[in-house]
Amino acid sequence: MKFIDEFKAFAIRGNVVDMAVGIIIGAAFGKIVSSLVNDVIMPPLGFLIGGINFTDLKFVLKAATETTPAVTLNYGNFLQVCFDFFIVALAVFLVIKAIIAAKKKQEEADAAPPAMSKEEILLTEIRDLLKK
């Protein structure tokens, strides 16, 4: 029973739950980016370069025979995955940049002294007049 109790304590800990949520959202984000690349970006790009589908690009190392399939080097699929990675990396960079900008703006707002109220301004003027 001690093992089960330790596992419960581990699984319920906040960081583990946050990490699990992050992984699930990350997987969904990956699907969105893959769809963006495959369904929105690559078709016009393929059209511009002559109707080529990148995933079909390959070098045939050994032609297929009646008994064995062809041996191919699928460099087009590799290009597709690299393009997916580039877009994911760019999207993550933009999200992190926006978060950092928001934090910086919040810190600047926190660092600025609050504006004095009308009462404080009047009291300051009275103090300065009494000093004279």
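The values are calculated or read from the model by the stated rules, or taken from the named source; none is laboratory data. Note that the coordinates shown come from a computational prediction; the quantities given were computed from them, not determined experimentally. Here the Cβ positions follow ideal geometry from the backbone for every residue, glycine too, while neighbour counts run over all protein chains shown. When the accessible area is computed, the model is the full protein with side chains, heavy atoms only, and any ligands, DNA or RNA have been set aside. Shrake-Rupley method; radii C 1.70, N 1.55, O 1.52, S 1.80 Å.
Table for the structure above
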| read-out | value |
| --- | --- |
| Heavy-atom accessible area ranking, 1.4 Å probe, most first, across Glu125, Glu66 | Glu66, Glu125 |
| Probe 1.4 Å, accessible area per residue of segment 24-69, Å² | 78 Å² |
| P(r), alpha carbons of segment 1-81 - 5 Å bins starting at zero, rounded % | 3, 12, 11, 12, 10, 10, 9, 8, 7, 7, 7, 3, 0 |
| Spatially proximal lysines relative to Lys131 (Cα-Cα < 23 Å; intrachain offsets below 8 disregarded) | Lys118 |
| Additional length obtainable on full extension of the chain from Leu48 to Ile24, 0.36 nm per residue less Cα span | 5.1 nm |
| Efficiency of FRET from Cβ geometry, Lys31 and Tyr75, R₀ 22 Å, rounded to 0.05 | 0.35 |
| Extension reserve of the Ala115-Val40 stretch, reckoned as 0.36 nm per residue once the Cα distance is removed | 22.0 nm |
| Additional length obtainable on full extension of the chain from Lys2 to Lys97, 0.36 nm per residue less Cα span | 29.8 nm |
| Semi-axis lengths (Å, descending) of the ellipsoid that matches the C-alpha gyration tensor of segment 26-132 | 66, 13, 10 |
